[in-house]
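The values are calculated or read from the model by the stated rules, or taken from the named source; none is laboratory data. Here the structure is a predicted model, which is why all the values come from computation and not from measurement. With ideal geometry, Cβ positions are generated from the backbone for all residues, glycine too; neighbour counts draw on all protein chains shown.
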Amino acid sequence: MHRLLIATRNRHKTGELAALLGAAFQVEDLTAHPDMPEIEETGTTFLENATLKAQAASRFFGGEVLVMADDSGLEVDALGGAPGVRSARFAGEGATDRTNLELLLTRLSAVVPGMDRTARFRCVIALARNGEYAASFEGVCEGRIIDKPRGREGFGYDPVFVPQGETQTFAELPAEVKNRLSHRGKAIQQALAWLCALEPL
């Protein structure tokens, strides 16, 4: 079993990543390490932010601990790609899933009626070891935004995002289906291929 530190304090994200990685990995996150300083996401792209988080955590823990970080978000075409890298802070610092979602729907309500609400979730995963960048992988899931939240699963913008080819939101779909279709699932599959080549499981 391989130890993998996820550079996040978001338990929902950790749970998704652990499920996608499988039993070959001993996954932990920063919730068990309150002494780890907050990592300021100053990047302008998902790759920059994911790399910042992975390298900062790797430098803090040192040694041979393999660190994984992801930065992901929602890009809505009618909003010029917003909220993008600010998805978690769309409604401002300290925003919650609810306030972010409400702001998104408010902004979209001002869009010309009938305009296609195409959108995509994008995820970039970065890996670091010994404080140095090791690799990165990107996954994208195309879909659309609906008018009202549906479903009780998932987190973030899941209740208003319907992936392409489906009729249910990410918050309505079973976890195994969401993980197969999702941006994070696609990025993890690429990361797993890299990990298997690096250290045979």
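Give the stretch 20-40 a look and list any residue that's of a type in the set (A, V, I, L, M, F, W, C), in a helix (DSSP H, G or I) and surrounded by fewer than 16 Cβ atoms within 10 Å (Cβ to Cβ), or say none.
Matches in the stretch 20-40: Ala32 only.
For the stretch 41-51, give me each residue that is assigned to a helix (DSSP H, G or I) and either hydroxyl-bearing (Ser, Thr, Tyr) or at pLDDT below 95 (or both).
Thr51
Are there any pairs, at least 6 apart or on different chains, whose C-beta atoms fall under 6 Å, with the first in the stretch 135-146 and in contact (Cβ under 8 Å) with a residue 40 or more places away in the chain and farther than 16 Å from Arg180 by Cα and the second among the small types (Gly, Ala, Ser) and part of a strand (DSSP E or B), and if so, which?
Ser136/Ala126; Ile145/Ala119
Among the residues of the stretch 126-154, which ones are more than 27 Å from Leu195 (Cα to Cα) and either crowded, with 16+ Cβ neighbours inside 10 Å or not aliphatic (A, V, I, L, M) (or both)?
Matches in the stretch 126-154: Gly143, Arg144, Ile145, Asp147, Lys148, Pro149, Arg150, Gly151, Arg152, Glu153.
Checking the condition in contact (Cβ under 8 Å) with a residue 24 or more places away in the chain and either over 30 Å from Val27 (Cβ atoms) or in a strand (DSSP E or B) (or both), which residue from Gly92, Gly81, Gly73 passes?
The match here is Gly73.
For the structure I just gave you, tell me whether Leu104 is under 26 Å from Val162 (Cβ atoms), buried (at least 16 other Cβ atoms within 10 Å of the Cβ) and not charged (D, E, K, R).
The answer is yes for Leu104.
Limited to the stretch 167-184, what total is found for residues that are in contact (Cβ under 8 Å) with a residue 40 or more places away in the chain and not in a loop (DSSP other than H, G, I, E, B)?
The total comes to 5.
In the stretch 57-92, which residue that is under 18 Å from the mean Cα position of the chain (by Cα) and under 16 Å from Glu38 (Cα atoms) is surrounded by the fewest Cβ atoms within 10 Å (Cβ to Cβ)?
Among residues in the stretch 57-92 that are under 18 Å from the mean Cα position of the chain (by Cα) and under 16 Å from Glu38 (Cα atoms), the one surrounded by the fewest Cβ atoms within 10 Å (Cβ to Cβ) is Arg89.
What about Thr14, is it among the polar types (S, T, N, Q), in contact with a strand residue (DSSP E or B) (Cβ under 9 Å, 6 or more places away or on another chain), modelled with pLDDT under 95 and in a helix (DSSP H, G or I)?
Judged against the criteria, Thr14 is a match.
Working carefully through the options Phe121, Phe60, Phe46, Phe25, find the one that is without any contact (Cβ under 8 Å) to a residue 40 or more places away in the chain, of a type in the set (Phe, Trp, Tyr) and touching a helix residue (DSSP H, G or I) at 6+ places or on another chain (Cβ under 8 Å).
Of Phe121, Phe60, Phe46, Phe25, the one residue that is without any contact (Cβ under 8 Å) to a residue 40 or more places away in the chain, of a type in the set (Phe, Trp, Tyr) and touching a helix residue (DSSP H, G or I) at 6+ places or on another chain (Cβ under 8 Å) is Phe25.
Please determine whether any residue of the stretch 181-201 is surrounded by 15 or more Cβ atoms within 10 Å (Cβ to Cβ), within 20 Å of the chain's Cα centre (by Cα), over 30 Å from Phe60 (Cβ atoms) and of a type outside the set (A, V, I, L, M).
Looking for residues that are surrounded by 15 or more Cβ atoms within 10 Å (Cβ to Cβ), within 20 Å of the chain's Cα centre (by Cα), over 30 Å from Phe60 (Cβ atoms) and of a type outside the set (A, V, I, L, M), one finds none in the stretch 181-201, hence no.
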